[in-house]
Amino acid sequence: MLTLFGSPVSTCTRRVATVLVEKKVPFEFVVIDMAKAQHKSSAFLAHQPFGQVPYIDDDGLILYESRAICRYIVEKYPTHGPQLVPTDVTGRALFEQAASIEYSNFDPFCSKAVAEMVFKPMRGMASDKAVFDTLVETLSAKLDAYEVILGKQKYLAGNEVTLADLFHLPYGSMLARAGSDLMTTKGPNVTRWFNELCQRNSWVTVKDGVKSITSY
Ligand SMILES: N[C@@H](CCC(=O)N[C@@H](CS)C(=O)NCC(=O)O)C(=O)O
């Protein structure tokens with residue numbers, strides 16, 4: 001059985017767990033205690049040289065980088081659950097475009113905004129509200145383009161949900177906790193899209209903490 005090594009509420013761990021649930025892939029979850037810096041231990045670094053969660057062990061294949069793991073799961077289980085990555089040339093091209101949008105126009109700003117207001121205080125560091133405000137302002141401008149795209153189609157890559165949409169869930173859903181309601185106030189299309197993603201069974205299953213799922 002596939003083993004997921006991560007921290008129950010870490011954003012990147014939940015990104016992978018969401019896709020495992022979407023594809024109905026059973027998995028054993030091994031908790032890495034980040035408070036005890038287990039992710040910086042030599043045993044962990046032997047598998048994930050950057051000292052970051054998550055990584056998977058799938059029958060001896062060690063793989064890290066949450067988005068790469070998600071793509072691997074989708075390719076390995078093409079008949080389980082929704083397709084999540086189109087296989088035709090045009091669909092694939094539009095998917096890669098959408099995945100790049102998340103990676104270059106959303107994640108850098110949203111993850112830093114969350115880090116500024118949520119993760120820094122958790123580590124006893126002071127937040128800088130001005131830094132947060134600038135990040136949210138930039139993200140807001142990026143989401144103007146999302147509003148246009150999502151006014152023409154249901155999801156970022158077309159009318160079917162793909163990994164590119166799901167990749168937004170962990171940081172997008174933490175933005176409110178960081179102090180910005182952008183994901184639900186930007187405009188009707190972004191709101192509809194994001195609320196619908198948040199209601200998916202996969203996200204509901206993992207959002208409050210990842211646990212092993214050994215059968216479906
Ligand atoms: N690009 C990596 C990022 C992984 C990452 O940043 N993980 C965080 C938890 S969500 C972590 O381990 N942070 C601790 C650190 O960087 O030292 C991925 O997508 O898997």
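The values are calculated or read from the model by the stated rules, or taken from the named source; none is laboratory data. Quick caveat: nothing in here was measured; it's all calculated off a predicted structure. Methodologically, a virtual Cβ is constructed for each residue, glycine included, from the backbone with ideal geometry; neighbour enumeration extends over all protein chains shown. Accessible surface areas use protein heavy atoms only, side chains included; no ligands, DNA or RNA. Shrake-Rupley method; radii C 1.70, N 1.55, O 1.52, S 1.80 Å.
Things to note:
- Carbon + sulfur, % of accessible area of the chain - ligands and nucleic acids excluded, 1.4 Å: 55
- Accessible-area order (highest first, 1.4 angstrom probe) of the listed residues Thr90, Thr191, Thr184: Thr90, Thr184, Thr191
- Net charge in the neighbourhood of Glu147 (other residues with Cβ under 11 Å of its Cβ; Lys, Arg +1, Asp, Glu -1) is +3.
- Local net charge near Lys207, Cβ-Cβ under 14 Å (Lys/Arg +1, Asp/Glu -1): +3
- Solvent exposure of the chain as accessible area per residue, Å², 1.4 Å probe: 48
- Of all DSSP beta bridges confined to the chain, the antiparallel ones make up roughly 60%.
- Heavy-atom SASA rank of His168, His39, His47 (probe 1.4 Å, accessible area, largest first): His47, His39, His168
- Entries in Lys23/Lys112; Lys152/Lys211; Lys76/Lys186; Lys36/Lys211; Lys120/Lys154 that, when Cα-Cα distance is taken, lie over 25 Å: Lys23/Lys112; Lys152/Lys211; Lys76/Lys186; Lys120/Lys154
- Accessible area in the full protein assembly, largest first, 1.4 Å probe, for Tyr216, Tyr64: Tyr216, Tyr64
- Summed side-chain charge close to Glu137 - residues other than Glu137 whose Cβ falls under 15 Å, Lys, Arg +1, Asp, Glu -1: -1
- Where the Cα pairs of the range 65-216 fall when distances are cut into 10 Å bins, in %: 10, 38, 35, 15, 2
- Overall form of the range 2-83 per C-alpha gyration tensor (a/c, 1.5; a/b vs b/c): prolate
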